[in-house]
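Submitted below is the structure of interest, expressed as structure tokens.
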Amino acid sequence: MELDEAIKGRRSIRKYEKGAVIPKEDVEAMIEAATWAPSGLNAQPWRFILVTQRELIAEMAQAVFDKFQELSKRAYEAGEKRVAAFCRFMRSHGGFFGEAPAVIVACTERYDLSPFGLDEYTVTAKVKELGGPSLEALLIHIVEKSVVMAVQNLLLKAHELGYGACVMDAPLVIEDELRQMLDIPEEQQLVMVIPLGVPAQKPRPPKRVPVSEVIRYI
Ligand SMILES: Cc1cc2nc3c(=O)[nH]c(=O)nc-3n(C[C@H](O)[C@H](O)[C@H](O)COP(=O)(O)O)c2cc1C
């Protein structure tokens, strides 16, 4: 597939053919593409959980829907109608994936600074104690940034192989429940939830802001 077709033809897909099974080698090809992303200090701080148990996927999606439903109700009762409307929208924006044949959860792994005999939190704190700048952007957020880059590769590979996916963060509203359901250790952060399947829709590309509006020359 041509690079431009991959970049511009990829869409967020939210409806999937029923009963489709995604072969393990296809999923592994997507994860392999992800692992070729750049990462800070080549730390490769990404981990991917592949969920294919249908009941578990349905349970995850329902829990997201229920959480936004509950938040919407609470906001409405508090007279916060706009917040309530937002949460009502988020029920389906976050909970539509109950029938996806697979869900990939992208997580971070701790940043390995062991060659220096330190961990990232100690370095950050010590540099601050020394009157230095915050190193959070470099040492703490680096893992999330790297995972996000990997996820884009994964989405492009899924598209090339004929699958449809949707990168999501709305499910993080039930982060604690997801951790329990998927047995995710505390030191890993959840970054994205990515339902995946054979597309059962062909959405029109959402409009893009023109290049002239997103660039500033110096
Ligand atoms: C950080 C991030 C979070 C997103 N979260 C959601 C989400 O929770 N639910 C959803 O349906 N789409 C989600 N999306 C998909 C966007 O809605 C989608 O990428 C955007 O509308 C552009 O459409 P396209 O991906 O087809 O080009 C998310 C995308 C990004 C980058």
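The values are calculated or read from the model by the stated rules, or taken from the named source; none is laboratory data. Quantities reported herein were computed from a predicted structural model and do not represent experimental measurements. Note that each Cβ is placed from the backbone with ideal geometry, even for glycine, and that neighbours are counted across all protein chains shown. Accessible surface areas use protein heavy atoms only, side chains included; no ligands, DNA or RNA. Shrake-Rupley method; radii C 1.70, N 1.55, O 1.52, S 1.80 Å.
Just to confirm my filter: which helices (runs of 4 or more DSSP H) fall fully inside the range 23-110 and include at least 3 residues that are closer than 30 Å to Ile140 by Cα and not aliphatic (A, V, I, L, M)?
Working: elements: 24-35, 54-77, 81-95.
The qualifying helices (runs of 4 or more DSSP H) are 24-35, 81-95.
If you don't mind, another one. Six or more apart or on different chains, Cβ atoms under 8 Å: show the pairs whose first residue is in the range 194-205 and within 15 Å of Leu161 (Cβ to Cβ) and whose second is among the hydroxyl-bearing types (Ser, Thr, Tyr) and surrounded by fewer than 24 Cβ atoms within 10 Å (Cβ to Cβ).
Leu196/Tyr163; Gly197/Tyr163; Val198/Tyr163; Pro199/Tyr163
Follow-up. Are any residues in the range 1-22 part of a helix (DSSP H, G or I) and either away from the ligand (no atom under 13 Å from the Cβ) or open to solvent by less than 50 Å² (accessible area, probe 1.4 Å) (or both), and if so, which ones?
Of everything in the range 1-22, those that are part of a helix (DSSP H, G or I) and either away from the ligand (no atom under 13 Å from the Cβ) or open to solvent by less than 50 Å² (accessible area, probe 1.4 Å) (or both) turn out to be Leu3, Asp4, Glu5, Ala6, Gly9.
Taking into account only those residues within the range 121-158 that are open to solvent by less than 50 Å² (accessible area, probe 1.4 Å) and among the hydroxyl-bearing types (Ser, Thr, Tyr), which is nearest to the chain's Cα centre (by Cα)?
Only one residue tops the list, namely Ser146.
Does the range 86-109 contain at least one residue that is open to solvent by 70 Å² or more (accessible area, probe 1.4 Å), at pLDDT 95 or above and β-branched (Val, Ile, Thr)?
The answer is no; no qualifying residue exists.
Does Asp169 fit the bill of being within 9 Å of the ligand (Cβ to nearest atom) and either in contact with a Phe, Trp or Tyr (Cβ under 8 Å, 6 or more places away or on another chain) or open to solvent by 50 Å² or more (accessible area, probe 1.4 Å) (or both)?
Yes, satisfied.
Return a yes/no flag: does the range 71-84 have any residue that is hydroxyl-bearing (Ser, Thr, Tyr) and touching a strand residue (DSSP E or B) at 6+ places or on another chain (Cβ under 8 Å).
For the range 71-84, residues hydroxyl-bearing (Ser, Thr, Tyr) and touching a strand residue (DSSP E or B) at 6+ places or on another chain (Cβ under 8 Å): absent.
Okay, moving on. In this structure, is Trp46 over 18 Å from Gln180 (Cβ atoms), touching a residue at least 24 places away in the same chain (Cβ under 8 Å) and loosely packed, with under 15 Cβ neighbours inside 10 Å? Before you say what the answer is, go through the steps one by one.
On the way: over 18 Å from Gln180 (Cβ atoms): yes; touching a residue at least 24 places away in the same chain (Cβ under 8 Å): yes; loosely packed, with under 15 Cβ neighbours inside 10 Å: no.
When the stated conditions are applied, Trp46 does not pass them.
Which of the residues spanning the range 149-166 are within 11 Å of the ligand (Cβ to nearest atom) and small (Gly, Ala, Ser)? Before you say what the answer is, go through the steps one by one.
Residues of the range 149-166 within 11 Å of the ligand (Cβ to nearest atom): 151-152, 155, 159, 164-166.
Scanning the range 149-166 gives Gly164, Ala165.
Collect the residues in the range 70-113 that are within 13 Å of the ligand (Cβ to nearest atom) and among the basic types (Lys, Arg), keeping them in residue-number order.
Arg91
Answer yes or no as to whether Leu182 is farther than 30 Å from Asp4 by Cα and modelled with pLDDT of 95 or more.
Yes.
Also: Identify the residue in the range 175-218 that is more than 15 Å from the ligand (Cβ to nearest atom), under 30 Å from Glu120 (Cα atoms) and in a helix (DSSP H, G or I) and, among all such residues, is most open to solvent (accessible area, probe 1.4 Å).
The qualifying residue most open to solvent (accessible area, probe 1.4 Å) is Gln180.
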